[in-house]
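Since the structure comes first, as structure tokens, the remarks are kept for the end.
Any read-out appearing in this document is the output of simple, stated calculations on the displayed coordinates, not a laboratory observation. For clarity, every value in this text was computed on a predicted model and none was experimentally measured. Neighbour counts are summed over all protein chains in view; Cβ atoms, including those assigned to glycine, are modelled from backbone coordinates with ideal geometry.
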Amino acid sequence: MNILGISAFYHDSAACLVRDGDIVAAAQEERFTRKKHDHGFPRRAAAYCLSEAAIRAEDLDFVAFYDKPLLKFDRILETYIAYAPRGYELFLKGLPLWLHEKLYTPRELDRGLDGLYRGRYVFIRHHESHAASAFFPSPFERAAILTLDGVGEWSTGTIGLGERNHIELLKELRFPHSLGLLYSAFTYFCGFKVNSGEYKLMGLAPYGEPRYRDVILEKLIDLKADGSFRMDMSYFAYCHADVMTSEKFARLFGGPPRAREAPLTEREMDLAASIQAVTEEILLRAARHAHKVTSAENLVLAGGVALNCVANGRIAREGPFKRVWIQPAAGDAGGALGAALFVWYQLLDEPRKALEAGDYQKGSLLGPGFEEKTLLSFLDSVGASYRGFESEDELAGEVAELLAAEQVVGHVEGRMEFGPRALGSRSILGDARSPKMQSVMNLKIKFRESFRPFAPAVLREDADSYFEMHPSEESPYMMLVAPLRSDRRLPASENGAVGLDKLREPRSVVPAITHVDYSARVQTVDRERNPRFHRILARFREKTGCPVLINTSFNVRGEPIVCTPEDAYRCFMATNIDALVLGRFLLMKEDQPSAGRAGSEDHLARFELD
Ligand SMILES: [Fe+2]
């Protein structure tokens, strides 16, 4: 039984293939089209999923779509009527897309699959897709489910219960009241791009003070004990305009929104810290309520808000649950996976299989991989100079050696990750002990804002000796933030640095991955899920005594994470990455022919700023 899951036409399109309950393949369209957050029909991702399963579209038994377009349109119409005539322009702007595309989703799906699929389309409610993506791949027999995002049809957040092969949503928060949209409103107001700059806002928060926390709780939202809330919509404009916040919002926070790319001021840092604090408070209350309603021991999370790994870390440490599992593709891309799994378990009532590895997500390594002969013919086609390694251990040793000498290494091996995090298969690696590495990586490799933190990858077995984590706790998908242990910190200097100046203070023995508040978004690397990456870390520890590396996604600012050897080579040649690993081949920058070398400006110009 082959089920294709699709998410499309809004943000982050993706496809996923589930065969007899097994996740065979999943990938985001942006990785193929090289257009970040591509929202078109995921034609190439779907083609990839079919090829991975060695089938054609006519062999599919079901195609599942991640939301219900008609119900969504109902929400848009009702919102328009409620705000009329204020939202007329916004409504008119969105209407053609609905009339030509979204209201005829089956036709669009037919087109996308070249008319080859003859079976049924199944439309799953948006939050049921998120909930299914959170529960079914998780290791739990029974768990509370929490989904939170901007908005689907009407729901913006749900509490549910998963038991064996069945999920049930018990409570919902409805549009326009939405934690995702509240967070995005601050993202917009602070001058970042909505639906992608939320990470930046979260990264900015530790530089500020939560000075506006109480104002938000008093004026913007009415927060209840169970984590539900109502927003005072006079501060927000997203129901009727093209912007997120109203003039009243600007008056409350001392003037107009920050312009994109303008210098960051203390106000934005304090706003970031404040909305982060409120978000954590809401999530903790919702988690406690979910525990009360379900009396489940474990919790699973999905929806765009579940990408807030700082809040996730607090739920894991302070929440009432024994264990927490978070869908790595928590945003809308993961809806494709959830929709397909929903058909298999919920609609077809198939039982869940016995658990073999840590969960059913397979390390989230669900995208394309490349055979050796493909790598070789590519390398030869560009005249690359490379060295092949016969033994994994030798290769890992060589990479560890380079890293210990403060070289930056691009690492492409095995199947590509599904979800926004690179977990070692499409990663750039660096020495976390190096005091200059954060700025080198930000400014010379990724060409992005200097304040942005980097995440550590740590050997699973050593995680609790560097981070405040329980020895049994893991974070294989880099979905939660944990504090650095106090014995790894350096005493704070007395110069009282504020704002971005905090960045220049050495804070720990692994400064490149320690944020200004000593937090770190941890990936625990285990041998089962990531054998190669585990080996590199182990060899690095042998050489240096340190089991921690920087792991950042293999791309530059605005670029989707690299997928193919071509993408990786192009990015490698255009940036200051020193070495590139493709499978078992190692390329040194200085040995490469200058003919293929593009300037970083040309490369960056291919992508829109995020
Ligand atoms: Fe969503």
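Amide H of ILE428: which non-local residues (sequence gap of 5 or more, or other chain) have their own amide H closer than 5 Å, using H built in the peptide plane?
Excluding prolines and chain starts, which carry no amide H, the hits are HIS411, THR552, SER553, PHE554.
Which residues' amide hydrogens lie under 5 Å from the amide hydrogen of GLU29, considering only partners 5 or more residues apart or on another chain, with H built in the peptide plane?
SER13, ALA14, ALA15
What's the magnitude of the charge dipole for segment 480-610 around its Cα centre, counting Lys and Arg as +1 and Asp and Glu as -1 at the beta-carbon? Answer in Debye, nearest 20.
Around 640 debye, computed over segment 480-610.
Determine the alpha carbon to alpha carbon distance for each of LYS35/LYS446; LYS193/LYS502; LYS36/LYS102 and list only those over 28 Å.
none
Taking a cut-off of 19 Å between Cα atoms, list the lysines near LYS171, but don't count ones fewer than 8 places away on the same chain.
LYS68, LYS72, LYS224, LYS292
Name the residue farthest towards the positive end of the dipole of segment 266-421 from the options PHE418, GLY369, VAL399, assuming +1 on Cβ of Lys and Arg, -1 on Cβ of Asp and Glu, about the Cα centre.
Sorting the options by dipole projection puts first PHE418.
Tell me, what does the Kirkwood hydrodynamic radius of segment 503-579 come to in angstroms if you use every pair of distinct C-alpha atoms?
Value: 14.8 Å, from the Cα pair sum.
Take every Cα pair under 8 Å in the chain that's 6+ residues apart, average their separations, divide by the length, and report that relative contact order as a whole percent.
Worked out over the chain, it gives 16 percent.
For the chain, what is the charge dipole size about the Cα centre, in debye to the nearest 20, if Lys and Arg each add +1 at the Cβ and Asp and Glu each add -1 at the Cβ?
Result for the chain is approximately 860 debye, rounded to the nearest 20.
Read phi for every residue in segment 37-42 and hand back ³J(HN,Hα) as whole Hz from Karplus 6.51 cos²θ - 1.76 cosθ + 1.60, θ = phi - 60°, with x for Gly and Pro.
So the J values, rounded to whole Hz, are 6, 2, 10, x, 4, x.
If you count, for each residue, the other Cβ atoms within 10 Å and average over each peptide, how do 325-336, 189-200, 108-119 line up from highest to lowest?
Most protected by this proxy first, the peptides run 325-336, 189-200, 108-119.
Take the eigenvalues of the Cα gyration tensor for the chain, scale each by 5, and report the square roots as semi-axes in whole Å, largest first.
For the chain, the ellipsoid semi-axes come out as 35, 30, 24 Å.
Would you tally the net charge around ILE23, using a Cβ to Cβ cut-off of less than 11 Å, leaving ILE23 out, and scoring K and R as +1, D and E as -1?
-2
Which of TYR66, ILE76, ILE167 sits farthest toward the positive end of the charge dipole of segment 54-176, with +1 on the Cβ of Lys and Arg and -1 on the Cβ of Asp and Glu?
Highest projection toward the positive end goes to ILE76.
Lys/Arg Cβ at +1, Asp/Glu Cβ at -1, dipole of the chain taken about the Cα centre: which of SER439, ALA54, HIS470 is farthest positive-ward?
Checking the options against the dipole of the chain, the answer is SER439.
Check TRP325: other-chain or 5+ apart residues with amide H under 5 Å from its amide H, H built from backbone geometry?
Distant-sequence amide H within range of TRP325: LEU299, VAL300, LEU301.
Limiting things to C-alpha atoms, what are the Rg and the maximum Cα-Cα separation (Dmax) for segment 145-241, in angstroms?
Taking only Cα atoms of segment 145-241, I get Rg and Dmax of 14.9, 45 Å.
Assuming R0 = 22 Å, what is the FRET efficiency of GLU78 and TYR104, from their Cβ-Cβ distance, to the nearest 0.05?
Efficiency for this residue pair is about 0.60.
Per the helix-only calculation at 222 nm, which mean residue ellipticity applies to the chain, given -39500 (n - 2.57) for every DSSP H run of n ≥ 4 and division by its residues, nearest 500 deg cm²/dmol?
-9000 deg cm²/dmol
Express in nm, to one decimal, how much length is gained between ASP222 and ARG111 on full extension, taking 0.36 nm for each residue of separation and deducting their alpha carbon distance.
Value of the extension gain: 35.4 nm.
Only residues of segment 435-476 count here: report those whose backbone N is under 20 Å from the spot 7 Å along Cα→Cβ of ALA605, or say none.
Output list for this probe position: 444-448.
Kirkwood Rh over alpha-carbon pairs of segment 92-144, then Stokes-Einstein at 10 °C and 1.306 mPa s: what D in µm² s⁻¹, rounded to an integer?
This corresponds to a translational diffusion coefficient of 114 µm²/s.
Less than 11 Å Cβ to Cβ from HIS411, Lys/Arg counted +1 and Asp/Glu -1: what total charge do the surrounding residues give?
After counting each charged neighbour, the total is +1.
What fraction of the DSSP beta bridges in segment 291-443 is antiparallel, stated in percent and rounded to the nearest 5?
If I count the DSSP bridges inside segment 291-443, around 55 percent turn out antiparallel.
Can you figure out the FRET efficiency of TYR88 with ARG230, using R₀ = 22 Å and their beta-carbon distance, to the nearest 0.05?
For TYR88 and ARG230, the calculated efficiency is 0.30.
Antiparallel DSSP bridges in the chain: what percent, to the nearest 5?
Taking every DSSP beta bridge within the chain, about 70 percent pair in antiparallel fashion.
Where Lys and Arg each count +1 and Asp and Glu each count -1, what net charge lies around GLU297 among other residues with Cβ under 9 Å from its Cβ?
+3
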